[in-house]
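So the structure is just underneath, and the comments pick up after that.
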Amino acid sequence: MKIIKAKDYEDMSRKAANIISAQVILKPDCVLGLATGSTPIGAYKQLVAWYEKGDVDFAEVSTYNLDEYRGLSHDDPQSYHYFMRENFFDHINIDLNNTHVPDGSNPDAAAACSEYDKIVAAAGYPDLQLLGIGNNGHIGFNEPDDHFSKGTHCVDLTESTIQANSRLFDSIDDVPRQAYTMGTQTIMYARMILVVANGEAKAQAVHDMCYGPVTPACPASILQLHTNCVVVADEAALSLCE
Ligand code: GLP
């Protein structure tokens with residue numbers, strides 16, 4: 001695991017965007033695994049700015065997102081489909097047909113998840129997988145558990161995640177209780193993993209991810225076993241790693 005310390009959120013975002021744009025420049029038809037949450041928004045903004053300057057071209061890129069709330073339609077403003085268009089896809093020259101997010105609007109969880117596994121596998125898995133990290137160490141929506149997950153599956157969100165994500169909804173009762181998420185094994189198939197984290201609230205999770213035991217109680221800890229994992233985090237998120 002390579003840990004890169006950033007001064008603050010802007011610095012973290014620029015460094016992460018630099019790594020992603022390098023991937024796109026090196027391999028214009030690369031497969032990107034993408035993440036939602038507030039952490040990567042700054043990196044997406046920076047990539048959009050570089051796209052507008054003509055520095056990076058997404059015409060041949062394809063993307064696979066980590067997760068989606070179960071029960072939300074694609075045009076629901078709280079859905080991750082909507083988030084990705086709003087924060088990234090609608091501002092760059094990516095072909096929307098090449099962007100993929102698990103289908104939260106499909107109530108048949110088994111079908112939605114196995115369909116997603118098939119398309120991610122057919123794409124050959126991401127060249128670069130971008131990840132945020134939950135306060136409890138979750139990646140995608142892989143919550144702390146007694147085993148690591150494999151492929152895409154339906155999860156019951158923990159109270160801590162529902163609480164943390166409720167800031168983005170009108171009320172906590174509006175937060176979906178379930179989600180479809182790429183599994184931990186699928187995430188580990190990516191050829192490079194880029195984790196972004198900022199703020200003191202992530203300090204414990206970042207410490208446990210980098211230096212704690214490898215355990216499904218902290219799903220992100222498995223990234224210690226990945227041969228090409230880079231963590232870009234600000235000083236506050238790294239404050240327990242000194
Ligand atoms: C959600 C997402 C994760 C994300 C996490 C942290 O639960 N499913 O992919 O990493 O939140 O979000 P934030 O970046 O807003 O702290």
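In table form, for the structure just shown:
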| read-out | value |
| --- | --- |
| Test: residue in region 45-60 that is of a type in the set (A, V, I, L, M), free of Cβ contacts under 8 Å to residues at least 12 places away in the same chain and part of a helix (DSSP H, G or I) | yes |
| Test: Thr161 is at pLDDT below 95 and either under 28 Å from Ser239 (Cα atoms) or under 16 Å from the mean Cα position of the chain (by Cα) (or both) | yes |
| Output for region 195-214, where each listed residue is more than 12 Å from the ligand (Cβ to nearest atom), within 29 Å of Cys30 (Cβ to Cβ) and touching a Leu at 6+ places or on another chain (Cβ under 7 Å) | Val214 |
| Residue in region 154-163 that is closer than 20 Å to Gly33 by Cβ and out of contact with any Asp or Glu (no Cβ under 7 Å at 6 or more places or on another chain) present | yes |
| Set Asp208, Asp173: member being more than 25 Å from Leu72 (Cβ to Cβ) and acidic (Asp, Glu) | Asp208 |
| Residue count, region 106-143 (criterion: crowded, with 17+ Cβ neighbours inside 10 Å, part of a loop (DSSP other than H, G, I, E, B) and either more than 15 Å from the ligand (Cβ to nearest atom) or free of Cβ contacts under 8 Å to residues at least 24 places away in the same chain (or both)) | 3 |
| Residue match in region 65-81 (condition: in a helix (DSSP H, G or I), in contact with a strand residue (DSSP E or B) (Cβ under 9 Å, 6 or more places away or on another chain), within 14 Å of the ligand (Cβ to nearest atom) and among the aliphatic types (A, V, I, L, M)) | no |
| Residues of region 12-43 satisfying the condition of being outside any helix (DSSP H, G or I) and within 16 Å of the ligand (Cβ to nearest atom) | Leu32, Gly33, Leu34, Ala35, Thr36, Gly37, Ser38, Thr39, Pro40 |
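Condition check ((1) aliphatic (A, V, I, L, M); (2) touching a helix residue (DSSP H, G or I) at 6+ places or on another chain (Cβ under 8 Å); (3) in a loop (DSSP other than H, G, I, E, B); (4) within 13 Å of the ligand (Cβ to nearest atom)) across all residues:
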{"residue": "Asp145", "(1), (2), (3), (4)": "no, yes, yes, no"}
{"residue": "Lys150", "(1), (2), (3), (4)": "no, yes, yes, no"}
{"residue": "Val155", "(1), (2), (3), (4)": "yes, no, no, yes"}
{"residue": "Thr161", "(1), (2), (3), (4)": "no, no, no, yes"}
{"residue": "Ala179", "(1), (2), (3), (4)": "yes, no, no, yes"}
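The values are calculated or read from the model by the stated rules, or taken from the named source; none is laboratory data. Quantities reported herein were computed from a predicted structural model and do not represent experimental measurements. So basically every Cβ, Gly included, is an ideal-geometry build from the backbone, and we count neighbours across all protein chains shown.
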